[in-house]
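Right, one structure below, let's go through it.
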Amino acid sequence: MSNVGEDAWGDFWAQQDGQGQGGCLPDGWSGIEALQRAKWQDWCAALPQQARVLDLATGDGRVLGWLAAKRPDLSLVGIDLAPELPTPPQGCETIGGIGMEKLPFDAGSFDAVVSQFGFEYGNTAEVSQEVGRVLRPDGTVALMTHRMDGPILAHNRDRRMQIGWIFDRKDLFTVAHAALAHRVEGQAYVPPLVMQAVQEGAQRFGANSAAWEISEAIRRTLLLGAGVTGQQVASTLETLAGRARNEIGRINSLEQACRTTADGEGFRSAIQSGGLVETRSTPLSESGAADPFADFRELTLQS
């Protein structure tokens, strides 16, 4: 995801390894992931036998795994800007540290190029040109893209606000570091302000909210006792703070990606610069949901 720091997305995917969860999706939205999987598997049914498919901004290789489950004959490769990626699904190859704007593949290498919540994070004109270059003349492109008005952005904006509450309203990491001066080796000390933040985070934002998660992580870190030095506690607090800041960066990039797709004229112009034309766009909604969470776009090379 080319306009995002590598650390933010590398850290994000490292935490996803083996979890089998929906990435940027909120807990409990398994219906969205099921719909994503069904859409990709329905789409790939028409691909030619042994087609070679490239997944842009592959992340944990989720889409590759769905395609492989439906079409084990496909040759599946994914790239991502994050230097460290989770173990790819069986039979798939993923390569980290690769930006979408400069693909390390020969012209006409792929029968299809796909991306789920990735294409719109890059420089879309440059990515389109690279897609047009590596795609075979009769190839196809499928993109699942974010929406500005969708529930995924709303959920992540809420998380960003809660993380800001930790840093700006409570200044909780500063409070935690200051508490180390009162620590006796082998005996933990948790200041009342941290305990209050844990309770307030759960009450105001929910028991599984970012506000509660981070407050509780700080509390547990400060409770580390025998055999753990103050320096080690401070280092752990810095790691927690770094991850929280990385999540803010990730959400900022998500919001910018949504702005990119919301600019319909600009987005069409960008894909056309690569010789691509959108042939179909389908809004995707979870059953019973009022607002679509994504658009599924199908593109081809202009003849």
Quiz item: Whole-Hz Karplus ³J(HN,Hα) for the range 265-274, in order, using 6.51 cos²θ - 1.76 cosθ + 1.60 and θ = phi - 60°, x for Gly and Pro?
Solution: 5, x, 5, 4, 4, 5, 5, 5, 5, x
Exercise. Mind checking which of TRP40, ALA178, ILE79 is farthest towards the positive end of the chain's charge dipole, using Cβ charges of +1 (Lys, Arg) and -1 (Asp, Glu) about the Cα centre?
Key: ALA178
Self-check item: Karplus 3J(HN,Hα) series, Hz, for the range 233-239 with 6.51 cos²θ - 1.76 cosθ + 1.60 (x for Gly, Pro)
Solution: 5, 4, 5, 5, 4, 5, 5
Quiz item: With a Cα-only, solvent-free Debye model of the range 90-212, what are the log10 I(q)/I(0) values at q = 0.16, 0.17 Å⁻¹?
Solution: -0.86, -0.90
Quiz item: Which Cα, out of GLY230, MET195, ILE271, lies furthest along the positive dipole direction of the range 186-303 (beta carbon charges, K/R +1, D/E -1)?
Solution: GLY230
Self-check item: Within-11-Å neighbourhood charge of GLY264 [Cβ basis; K, R +1; D, E -1]
Solution: -3
Quiz item: What is the extension gain from ALA125 to SER287, computed as 0.36 nm multiplied by their sequence separation minus the C-alpha to C-alpha distance, in nm to one decimal?
Solution: 55.0 nm
Quiz item: Using alpha carbons only, what's the Rg to Rh ratio of the chain with Rh from Kirkwood?
Solution: 1.04
Practice problem: Give me the distance in nm between label points sitting 7 Å out from Cα along the Cα-to-Cβ direction at ARG133 and ASP168, one decimal. | Solution: 4.1 nm
Quiz item: By how many nm would the segment from MET161 to GLN187 grow when fully extended, if each residue of separation counts as 0.36 nm and the alpha-carbon distance is taken off?
Solution: 6.0 nm
Self-check item: Calculated over the range 164-303: convex hull of Cα atoms, volume per residue (Å³)
Solution: 170 Å³
Quiz item: Which three semi-axes in whole Å describe the equivalent ellipsoid of the range 231-303, each the square root of 5 times a Cα gyration tensor eigenvalue, listed largest first?
Solution: 38, 18, 10
Practice problem: Can you figure out the FRET efficiency of GLN203 with GLU84, using R₀ = 41 Å and their beta-carbon distance, to the nearest 0.05? | Solution: 0.65
Quiz item: So how far apart, in nm, are the two label points at GLN41 and GLN302 if each is 7 Å from Cα heading toward Cβ?
Solution: 3.7 nm
Quiz prompt | Overall Cα dimensions of the range 155-239, principal axis frame, Å, largest first | solution = 40, 21, 18
Self-check item: Two-site label geometry, PHE105 and ALA262: point separation in nm, points 7 Å out along Cα→Cβ
Solution: 3.2 nm
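Just so you know, all these numbers are worked out from the coordinates, no wet-lab data involved. A quick note: this is a predicted structure, and the numbers were derived from the prediction, not measured. A quick note on method: Cβ atoms are made from the backbone with ideal geometry, for glycine too, and the neighbour counts reach across all protein chains shown.
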